[in-house]
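The values are calculated or read from the model by the stated rules, or taken from the named source; none is laboratory data. Remember, it's a predicted structure, so these values are computed and weren't measured experimentally. Here Cβ is always computed from backbone atoms with ideal geometry, including for glycine, and neighbour counts include all displayed protein chains. Side chains are part of the model used for accessible areas, which takes the heavy atoms of the whole protein and leaves out ligands, DNA and RNA. Shrake-Rupley method; radii C 1.70, N 1.55, O 1.52, S 1.80 Å.
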Amino acid sequence: MRSDVLVVGGGLGGVAAALAAARAGRTVVLTEEFDWIGGQLTSQAVPPDEHSWVEQFGVTASYRALRDGIRDYYRRHYPLTERARARLELNPGGGWVSKLCHEPRVAVAVISAMLAPYRASGRLTVLQPYRPTSADTDGDRVTAVTLTHRDTGEKVHATASYVLDATETGDLLPLTGTEYVTGFESAADTGEPNAPQVAQPLNMQAVSVCFAMDHVDGDHTIDKPADYDFWRSYQPDVWGGPLLSWQYPHPRTLERVGHDFSPNPDDDPLAVNADQRVNPGNANLWTFRRIAARRTFTDGAYPSDITLVNWPMIDYLEGPVLDVPDAADHLRRARELSFAFLYWMQTEAPRPDGGTGFPGLRLRGDITGGTDGLAQAPYIREARRIKADYTVVEQDLSLAVRGERGAVRYPDSVGLGMYRIDLHPSTGGDNYIDVGCSPFEIPLGALLPQRVENLLPAGKNIGTTHITNGAYRVHPVEWNIGEAAGALAAFCLAHGTRPRAVRETPELLSAFQDQLTAAGVELRWPDITGY
């Protein structure tokens, strides 16, 4: 297959990249290895992690169209109460983690609709389920990528002028020989206050295999997982107690604290104020990432709320899932951990009434689309990252370092982001690192590999560090990165230039930034303070 732009990976960054390049008139091939496009929002089943101003500013116009489309889909197709239907900022799940908690399948439908006109015109081809298995290079250029069908083994040889790596773990980087880093950089290399003295390339954030569940009458207890006794007694050194518990370290104080778990509380989901500046929202884990609140819908439409389990108890810490020979085994064990936690909740978890176990908890694999009842794909927080022309470091955006000055303003900004520097416990034995953050920009230099000319990162694989990835990894930032990468490839083709020349040539950079602005990509924050 031949196209102007090849986007490998159909997560949020890949979708945004494909849309940007196709809107610019380029032919695009977009690939995805799982059954759903949308990545962390769909196949990984993670409700969006977003900043406090998301309803006003700080995201791209196309990301806002995605959010608006999700709300419109509910209004058109779901039996909402009239009060919920009239809510401008509809939050179908009434979850506290985000102002828009929803079922992942709705996002799949909306993303598919956004791509549909380009697929119909022939400008965009989507290959599923395909994963990259090899690549051809010529000096500093990628000339082709071989894609292999997940189930049949059929191979496609894809060539393109620009190749964008939007995979969840930066899979094209080793295949193409593009220089990259993993894990924790050293303080000697980055100067970061929270970095170790010696680099730790295999020390990466935990992955999680999420799942959806509701709570209904009857006994829905799953079979006891084969490794349940191991996980039941498992106690990470930094945890202060067993992993399978309602207690875990507070991300900011590291003090072990308890949390409530009360299925189907008698709450008003429309009264939820999902603003983590004001309230972290995890007092009752059930409502924290709730994706369907039964009281948002007409009586009887939902027998129960549906909640999404992406809680610290399913963070897998036993080893990294990339660049190690036993990566597949760690992914398998991460799924086993999620089943073990569900079984613990069903059989042994303390209840508010003094009893134990919630046998009414029912796994909702139909909601996540996974063949075994869990999410189709693991939630990947940290990928391989390019060695970039510019690497974003902690002191660029840390609130403690930057203070009232705000994050560094990059002359080559190609977008915005905001999230606390939020690192989950890691495979190297580190506890949470949770640092206040200033609203930040995305520098074009972080999208440019130091050597390879026509490969661009389009997701979590940009030039961040282990620490700053904790802020840049979330949904709207990944989308903005992908949109900028797709637009950059199209711009370079239109102007007969190279990505590095765009950054280094004031006239080209200004023209590219004007194009982004015209497409609704915000490049500068108003005068606000982070959290």
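Quick notes
- Breaking point among (1) in contact with a helix residue (DSSP H, G or I) (Cβ under 8 Å, 6 or more places away or on another chain); (2) open to solvent by 50 Å² or more (accessible area, probe 1.4 Å), for Thr307: (2)
- On inspection, His250 passes the criterion of being open to solvent by 40 Å² or more (accessible area, probe 1.4 Å), under 24 Å from Gly319 (Cα atoms) and of a type outside the set (A, V, I, L, M, F, W, C).
- Test for Asp260: is it open to solvent by 10 Å² or more (accessible area, probe 1.4 Å) and touching a residue at least 40 places away in the same chain (Cβ under 8 Å): yes
- Some residue of region 190-208 being within 28 Å of Pro47 (Cα to Cα), modelled with pLDDT under 95 and part of a loop (DSSP other than H, G, I, E, B): no
- Looking only at region 51-74, and only at residues there that are charged (D, E, K, R) and open to solvent by 30 Å² or more (accessible area, probe 1.4 Å), the one that is farthest from Ala274 (Cα to Cα): Asp72
- Put simply, of Arg131, Arg119 the only residue that is part of a helix (DSSP H, G or I), among the charged types (D, E, K, R) and open to solvent by 20 Å² or more (accessible area, probe 1.4 Å) is Arg119.
- If the condition is being part of a helix (DSSP H, G or I) and among the hydroxyl-bearing types (Ser, Thr, Tyr), then region 508-531 contributes Ser510, Thr517.
- Checking each residue of region 519-529 against the condition of being open to solvent by 10 Å² or more (accessible area, probe 1.4 Å) and of a type in the set (S, T, N, Q) gives at least one match.
- Each residue in region 187-200 was checked for being of a type outside the set (A, V, I, L, M) and open to solvent by less than 70 Å² (accessible area, probe 1.4 Å), and 6 of them qualify.
- Subset of region 15-47 that is in a loop (DSSP other than H, G, I, E, B) and among the hydrophobic types (A, V, I, L, M, F, W, C) - its residue that is surrounded by the fewest Cβ atoms within 10 Å (Cβ to Cβ): Ala24
- Residue pairs meeting the criteria (Cβ under 6 Å; at least 6 apart or on separate chains; first in contact (Cβ under 8 Å) with a residue 40 or more places away in the chain and among the polar types (S, T, N, Q), in region 428-441; second open to solvent by 10 Å² or more (accessible area, probe 1.4 Å) and outside any strand (DSSP E or B)): Asn431/Val238; Asn431/Leu254; Ser438/Leu399; Ser438/Arg402; Ser438/Gly406; Ser438/Ala407; Ser438/Gly530
- In the condition set (1) over 23 Å from the mean Cα position of the chain (by Cα); (2) open to solvent by less than 10 Å² (accessible area, probe 1.4 Å); (3) of a type outside the set (Lys, Arg), Ala271 is compliant with all but (2).
- Residue check for Val156: over 25 Å from the mean Cα position of the chain (by Cα), hydrophobic (A, V, I, L, M, F, W, C), surrounded by fewer than 20 Cβ atoms within 10 Å (Cβ to Cβ) and farther than 30 Å from Thr27 by Cβ: no
- Answer residue from region 427-483, given it is part of a loop (DSSP other than H, G, I, E, B) and charged (D, E, K, R) and is farthest from Gln395 (Cα to Cα) among those: Glu453
- Here region 346-392 is the region considered, the condition is being of a type in the set (A, V, I, L, M) and either within 28 Å of Ala109 (Cα to Cα) or free of Cβ contacts under 8 Å to residues at least 40 places away in the same chain (or both), and the residue that is surrounded by the most Cβ atoms within 10 Å (Cβ to Cβ) is Ala375.
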